[in-house]
Structures are given as C-alpha cells and as structure tokens.
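Contents: one structure, followed by commentary.
The values are calculated or read from the model by the stated rules, or taken from the named source; none is laboratory data. The model shown is predicted, which means the values in this text are computed figures rather than measured ones. Using ideal geometry, Cβ is built from the backbone for each residue, glycine included, and neighbour counts are taken over all protein chains shown.
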Amino acid sequence: MDIEAIINEALTYGERRLIVVSGQDSLEVASNIAKEWLYRRDGNVLLATHQGMGADKVSLDESRTVSIDFDQTGEVLGGTWDILIADFSSQFRANDLGRLVEVVRGGGLVIFTIPPVREWLSTLTEFQRKLIVPPFENRKVRQLFKKRFLSSLGVPGTFLSGEEERGRLLGKLARDRVSPEESEDPIMNVCATRDQQRILRSLLDSVKGDIRTFILTANRGRGKSAVLGLALSRILMETKIRKAVVTSPSLEGIQTLFEFLMKGLDVQEVKYEPLIRGGQVIDVKFEGRDVFFLTPDSAADVGVKLKVVDEAAAISIPTLFKILYNSKFSIFSSTIHGYEGAGRGFTLRFLKRVRSSGIPYVEERMEEPIRYPPGDPVESWLYRLLLLDAEPGDPPNANPEDTAYSHLDMEYVKEDYLRKFYGIYVLAHYRNRPNDLEMLLDAPHHFARSLEYDGEPIVSLHIAEEGGLPSSVLDNMMRGSRDVPGHVIPSRIVLHYDFKSFGRLKGWRIVRIATHPEMQGRGFGTRALECVEEEARGKGVDWIGAGFGATRDLLRFWTRLKFVPVHISPKRNSVTGEYSVLLVKPISERASRLLSEILKEFKRRVLNSLHDVYFSLDPLVASYLLKSPIESGKLRLSQSQRSRLLGFIRGDYIYELASDAIYEVVKHYFWLGKDCLTPLEDSLLIGKVLQGKGWEIIRSRFKLRDSPYELLREMLKNLLSCLDGLGNQA
C-alpha cells in the first residue's frame with residue numbers, strides 16, 4: 001500500500017483518511033506513518049492506549065504528542081488534533097471509537113492499531129471480558145462488533161494495512177470548503193464556518209426580539225458549543241441581561257462554551273475573571289456580568305432570565321420544560337447524530353411540543369463541519385459503522401394483530417434491517433451510546449427481538465438474561481459486592497431487600513423497547529411485550545422486568561401491563577433528573593409468591609420515606625409506584641384518632657389536629673393499592689399527607705381554586721367508603 005499517496009490525498013482535499021494497521025509491530029508502523037505525515041506539515045498527535053500499554057513503541061516528538069488512556073476520551077472532546085493513533089489491542093469500545101475519530105481535523109490521519117486479525121478475533125478485550133457474567137461463563141462472546149468493524153473497511157478513504165490488506169486508493173473530486181466571510185465584527189471573524197456566522201446572527205436577532213426560546217440542532221462536530229459561547233459574550237454586553245446560567249449533562253461538556261465565551265470577550269477587549277475548580281471553568285465574571293454553570297436540576301429552579309442548555313438530548317424532557325418556563329429567554333442545543341446518538345428523540349419529544357405550545361421560538365440547524373469539509377469519507381464511514389444516522393423505515397399500514405414476532409440472529413441480520421431496527425431506538429430514546437450496539441452484538445446473554453410487518457420492524461427489543469445465580473455469588477451480593485455485573489434487577493432486590501432466593505430465579509430484563517415513532521400509542525408495544533412474555537413462559541423463565549427513569553407516562557404504560565414496581569433509587573440521576581425504578585412481572589408461581597413479599601417491603605420503604613428521601617418525588621409518579629395491590633394489612637386507629645378524623649370530616653377540627661389520623665388512613669389506602677380516587681386526588685393526598693408539603697405549595701402545584709381543606713374532606717369521605725369505613729379492614 002502506498003502510504004505516501006494516502007497522505008497526499010488527505011492533505012490535497014483537506015479530508016481525513018483512516019488507516020487500520022494490523023500485525024505484531026502495528027504500533028511501530030503507525031508511528032512511522034505519523035512521521036511521514038509530520039514530515040510534510042507541522043502538526044500534533046493524540047495517542048490513545050489502554051493503561052499506557054504499548055505507548056513506548058510510539059517514537060514521536062513528546063512536545064507534539066498528547067497521550068491518554070481510553071478512560072479519558074471524554075476529556076478530549078472539543079480539542080483538535082492532526083493525527084490520532086489509537087491502539088485497540090487490549091481495549092476496543094464503540095464509545096471511544098466514536099469520540100476519538102471526531103477530534104481529528106481535515107487533512108489529518110486516523111490510525112488504529114490491532115494485533116494480527118485472526119489473533120484479535122480469538123482474544124477478548126477488557127470491554128468484552130466484562131460481558132461474561134455468571135452464570136453464563138460457558139457462553140462465548142460473539143465477536144460480531146470486531147467483525148463489523150473489519151468488514152466496514154475498504155470503502156473510499158479507509159484502509160487496512162497488514163497481513164490482510166483490504167484498502168485501495170480511490171480518486172476523489174475536490175470539494176472546496178467555503179471559508180467564513182471576512183467581517184468588520186471581530187466576533188464573526190472568530191467563527192470557523194459561515195454556518196456558525198449565520199447561527200450567531202440568528203441568535204443575536206432572536207434575543208433582541210419577542211422570541212422566548214432558540215433551539216439549535218446539528219450533527220457532532222459542527223461547532224454548536226463554540227457559537228453559543230460567542231453569542232453569550234455579545235448578548236451580555238449588548239442587552240440589559242446581566243446573568244446567564246449554562247448547563248449540560250456534565251461540567252466537562254460545557255468547557256468549549258466557556259472557552260469561546262472568553263474568546264468572544266477577548267476580541268471585544270473586555271476584561272474577565274474565570275473561576276476554575278478542579279481544572280475546569282465554572283464561572284466567568286466581566287464588567288458586572290456573570291455566566292455560571294449549574295446542574296440541569298438547579299438550572300431549572302434558579303430565577304435567572306437567560307438559560308443555555310448544551311446537549312439537551314441527554315436531559316429529561318420535564319427538566320427542559322421547567323428551564324423553558326422559568327426563564328425569559330432560553331437556548332437549547334442538541335446533537336442529532338453523533339457518538340451520543342439519540343438526539344432525534346429530543347426533536348420528537350421536546351421540539352414537537354414546543355411547536356404546538358404557542359411559545360414564540362426560532363429553530364435552526366447547523367450542517368457544516370468545523371474540523372473537516374462536508375462529505376468527509378471518514379465521517380461517513382463512522383456513521384455507517386456505529387449506526388449513528390440510522391433511521392426507521394416508512395411506517396407500514398398495519399394493526400398489532402397483523403404483526404409477527406421475530407427472533408433476530410445478530411450474526412446474520414441484514415444491514416438494511418439492522419439500520420431500521422436500530423433507527424427506532426435512535427428516535428425513541430434520549431440516550432443511546434455506541435457501546436449499546438456493541439453489547440447487543442457481542443454479549444452472550446443479550447439478544448434481540450422485533451415485532452414486524454411484511455419484513456419491516458415496528459418494535460425493537462433488546463433483552464438481557466438475568467438471575468439463575470449460584471449461592472456463592474448471591475452471598476457476595478448480600479455482602480454488598482459490586483463484582484457481579486449484568487444482573488441489574490436481582491442485585492438490587494438481593495442487596496436492598498434481603499431476598500436471596502430471588503437471585504436464583506431466572507429472568508429477562510427488557511433493556512430497551514421502542515416503537516416506530518409514527519406508530520406509537522396504537523398497541524404495538526403492548527403486543528410486543530405479550531409476545532416476549534409468551535416466549536419467556538415457554539422457556540421456563542420466572543419473571544420479566546424493566547428499569548428506566550421514572551416518568552408518569554412510562555409508569556402508566558408498564559403498570560397497566562401488570563408490571564410491579566420493586567425498587568426506586570434513593571437519589572435522582574444527575575443527568576436526567578429522574579429517579580431510576582425497576583419493575584417486575586412474575587411468570588412462574590414461585591416468582592409470584594416471592595414478589596408479593598418483595599412488594600410489601602418496597603411499599604414499606606416508599607411509604608415511610610416520602611416525607612424525607614422522596615420528598616421531591618412527583619406525587620403522581622409516587623401514586624403509580626404504590627398502585628400494585630396487596631391483599632393484607634389492617635388499619636389501626638385509636639379511639640382518639642377516630643374521633644379527631646371524623647371531626648375533621650365534619651368540619652369541626654382543622655387539619656392539623658387530625659393530621660396523624662389522616663396520615664394513617666391515607667397510608668393504609670396506598671398500602672392496599674386501592675384505586676378509588678382520580679389520579680389528581682391520589683397525587684394531592686401524597687403531596688400533602690404523605691410528603692407533608694405546605695398548603696400554599698399544594699394550592700399552587702395543583703392549581704386549586706377551592707379551599708384545599710374542603711377538597712381533602714370530600715376525598716377522605718370517598719376514601720373511607722372505599723375502605724369500608726373505619727373498622728379493622730383486612
């Protein structure tokens with residue numbers, strides 16, 4: 001292979017080229033290729049290895065080389081390098097692949113190194129070793145992701161060098177990149193593309209007009225964060241706005257925004273003072289103005305007029321709307337396609353609601369990459385490999401009863417079908433990472449199912465086998481061991497509720513279920529789960545379950561299908577702002593018996609923690625968690641409590657004099673899982689009685705016009721009728 005020709009082509013057209021070097025001396029060869037490129041042009045190199053293994057074989061100028069571990073790939077996002085050398089001999093994760101490729105600028109080289117191909121396919125990387133969990137040790141990792149990677153090479157711009165050369169040079173037409181326009185405005189001259197200049201102008205016009213929110217979407221690598229930082233530097237200097245909150249799923253993810261905020265201030269000759277904590281900027285103050293970082297939940301609550309959300313697709317929809325409504329002007333930026341994946345779900349679930357809300361908004365999309373020209377072949381290769389731009393097919397004209405339940409063999413599934421199958425995930429979930437694809441392809445205890453019509457997937461399912469654990473593993477679980485990955489539901493139940501026997505049962509956890517976005521709400525998801533249950537029952541599985549961030553809609557769907565909540569996390573997810581919940585549906589008789597006891601422990605925990613640990617939990621979410629019925633338990637009230645309770649209902653006593661008795665009645669109602677009141681009434685009872693929220697909060701939250709005292713009295717009358725009075729109910 002003519003390496004010189006590859007380098008010349010990359011430099012000539014300003015595009016990137018990918019070279020995969022296989023062999024025992026692959027790192028030395030990669031080092032020599034990098035030297036060939038550096039001989040022609042001055043540049044920098046990013047070297048990524050697993051725990052530094054093999055880094056000594058790369059002999060390059062240390063002053064121009066940055067070395068990182070694969071666990072640090074998130075830290076280099078936003079940076080730019082001319083050459084990337086990544087050694088995939090011992091570690092090979094799809095997330096790292098997606099992140100690292102995108103930091104290389106046009107004209108540069110992406111060089112991956114692996115052992116001889118046959119050796120690589122017969123050994124396990126660190127990621128793959130973690131896919132082998134008890135009791136599935138005798139099953140082999142499928143190695144399908146490595147095979148997918150190797151078979152993807154050889155398309156224009158990608159090459160395999162070594163004992164099995166696949167690549168070939170293909171001539172390419174020059175694609176001249178459109179340079180940014182020269183402007184008298186110094187901030188416009190900081191922009192890397194005309195696309196950035198256009199967005200900057202649109203943002204400035206919007207904030208000065210009657211617009212309430214600005215929504216910016218793009219694929220990764222278009223410079224969204226940079227243009228937001230530049231815009232903030234101008235907005236705060238030219239408007240009456242003095243404070244701005246910026247938020248993101250992580251502090252490191254907002255650093256590019258802060259960097260370009262300061263660049264914008266530099267070119268305006270404005271002095272500023274950054275506040276740095278742990279090596280990262282968290283606040284920039286300048287001339288009486290302030291731009292500061294808060295977590296998404298805190299950003300939603302704080303009373304600041306201007307709020308900026310970067311990577312909004314990774315933040316829960318309720319939190320996004322809280323930010324929108326609690327600000328005078330808000331900016332939401334989201335990746336549509338990229339290594340995070342799933343940004344399309346943001347456009348469907350958030351932007352669709354904004355469009356129909358009547359709120360004045362501006363919607364913009366960026367297309368032009370900042371590091372390389374449009375049509376870069378390495379970007380096209382990466383998106384195909386990781387299914388980052390996967391889309392579902394056209395929605396068929398079908399009813400649930402017309403569909404077929406399909407078992408997918410991931411080794412033989414056709415690429416077109418896989419893209420449609422995975423495209424449904426991308427549109428339906430707010431967070432899909434490339435590692436999810438690698439796990440589905442390789443993990444021995446994971447498998448795929450679909451509901452299809454006429455050969456087209458409508459519902460996509462990713463399922464993991466859990467449970468069936470030996471006593472030795474269960475003993476470690478009960479001692480709090482975290483060395484048993486892959487058993488999400490059994491580990492929580494064994495550890496938190498002391499039900500060791502549940503870990504012996506065999507279960508299927510629904511890792512993901514997604515319905516074609518244009519066919520949702522028509523029963524296809526329900527039909528798919530019925531098919532999963534039928535298959536599980538036929539294979540002697542004891543239970544099926546699921547875990548997700550607790551929202552009203554999701555809990556309504558799963559509990560309606562008789563899935564029983566068995567666990568809720570003690571803290572909110574720092575990214576989504578939601579509590580994680582686990583639900584189980586028993587299939588076997590022994591699972592049903594055990595689950596009835598687990599449910600009692602779960603309810604005891606939640607009911608006795610709503611005033612404390614779960615004080616901020618959405619009362620309606622709490623009501624769905626507590627609706628599963630229990631056929632035992634007695635209401636015990638003293639004579640004094642009965643008298644004061646009846647006195648409150650008659651209007652003789654104020655709430656505070658009977659609150660203890662009311663608490664016992666309401667707690668008993670939810671313990672039994674009765675369904676006698678409306679969802680609004682259930683929520684009000686939880687918010688006031690079980691969580692202990694103040695009257696003003698209750699009046700405001702539930703938009704009550706009448707006296708909440710009178711409403712509560714009426715609800716208690718209905719409640720007592722539902723509970724057959726004040727006797728010792730069984």
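Quick one: what pairs do we get from the stretch 582-593, first residue under 24 Å from Ala550 (Cβ atoms) and assigned by TED's automatic domain parsing to the domain that holds Glu533, second basic (Lys, Arg) and in a loop (DSSP other than H, G, I, E, B), C-beta under 7 Å, 6+ apart or different chains?
Lys585/Lys562
Restricting attention to the stretch 29-57, and to residues there that are at pLDDT 90 or above, part of a loop (DSSP other than H, G, I, E, B) and under 37 Å from the mean Cα position of the chain (by Cα), which single residue is farthest from Gly79 (Cα to Cα)?
Applying the filter and picking the extreme gives Met53.
Could you figure out which of (1) polar (S, T, N, Q); (2) within 14 Å of Val110 (Cβ to Cβ); (3) touching an Asp or Glu at 6+ places or on another chain (Cβ under 7 Å) isn't true of Thr80?
Against the list (1) polar (S, T, N, Q); (2) within 14 Å of Val110 (Cβ to Cβ); (3) touching an Asp or Glu at 6+ places or on another chain (Cβ under 7 Å), Thr80 comes up short only on (3).
Quick one: count up the residues across the stretch 355-388 that are more than 30 Å from Ile83 (Cβ to Cβ), modelled with pLDDT under 90 and either hydroxyl-bearing (Ser, Thr, Tyr) or in a helix (DSSP H, G or I) (or both). If you could, list the steps in order and put the result at the bottom.
Here is the first cut: in the stretch 355-388, the ones more than 30 Å from Ile83 (Cβ to Cβ) are 355-365.
Narrowing the set further to residues that are modelled with pLDDT under 90 leaves 355-358.
Add one more test, that the residue is either hydroxyl-bearing (Ser, Thr, Tyr) or in a helix (DSSP H, G or I) (or both), and what stays is 355-357.
The total comes to 3.
Can you tell me which condition Ser90 does not meet? The list is (1) surrounded by fewer than 21 Cβ atoms within 10 Å (Cβ to Cβ); (2) part of a strand (DSSP E or B), and all the others hold.
Condition not satisfied by Ser90: (2).
Consider only pairs whose beta carbons are under 6 Å apart and that are at least six residues apart or on different chains; among these, list those whose first residue lies in the stretch 264-281 and is in the same structural domain as Ser225 (by TED's automatic domain parsing) and surrounded by 11 or more Cβ atoms within 10 Å (Cβ to Cβ) and whose second residue is of a type in the set (Ser, Thr, Tyr) and not in a strand (DSSP E or B).
Between residues of the stretch 264-281 that are in the same structural domain as Ser225 (by TED's automatic domain parsing) and surrounded by 11 or more Cβ atoms within 10 Å (Cβ to Cβ) and residues that are of a type in the set (Ser, Thr, Tyr) and not in a strand (DSSP E or B), the close pairs are Gly264/Ser233; Leu265/Ser233; Leu265/Tyr272.
Out of all the residues in the stretch 58-111, which are more than 26 Å from the chain's Cα centre (by Cα), over 20 Å from Ser380 (Cβ atoms) and of a type in the set (Lys, Arg)?
Arg64 - this is the single residue of the stretch 58-111 that is more than 26 Å from the chain's Cα centre (by Cα), over 20 Å from Ser380 (Cβ atoms) and of a type in the set (Lys, Arg).
So, in the stretch 570-594, of the ones that are at pLDDT 95 or above and closer than 19 Å to Ser623 by Cα, which residue ends up nearest to the chain's Cα centre (by Cα)?
My answer is Val581.
Within the stretch 43-60, track down each residue that is touching a residue at least 12 places away in the same chain (Cβ under 8 Å) and either surrounded by fewer than 16 Cβ atoms within 10 Å (Cβ to Cβ) or of a type in the set (D, E, K, R) (or both). Before the answer, list the steps.
Step one: filter the stretch 43-60 for residues touching a residue at least 12 places away in the same chain (Cβ under 8 Å), giving 43-55, 57-60.
Within the stretch 43-60, Gln51, Gly52, Met53, Lys57, Ser59 qualify.
Name every residue in the stretch 501-551 that is surrounded by fewer than 19 Cβ atoms within 10 Å (Cβ to Cβ), under 22 Å from the mean Cα position of the chain (by Cα) and of a type in the set (D, E, K, R), in order of residue number.
Glu518
Looking at the stretch 61-96, which of its residues are small (Gly, Ala, Ser) and either in contact (Cβ under 8 Å) with a residue 12 or more places away in the chain or touching a Phe, Trp or Tyr at 6+ places or on another chain (Cβ under 8 Å) (or both)?
Hits for the stretch 61-96 are Ser67, Gly74, Gly78, Gly79, Ala86, Ser89, Ser90, Ala94.
Pick from the stretch 610-668 the residues that are under 22 Å from Ser707 (Cβ atoms) and either aromatic (Phe, Trp, Tyr) or outside any helix (DSSP H, G or I) (or both): which of them is nearest to the chain's Cα centre (by Cα)?
Taking the candidates together, the pick is Tyr663.
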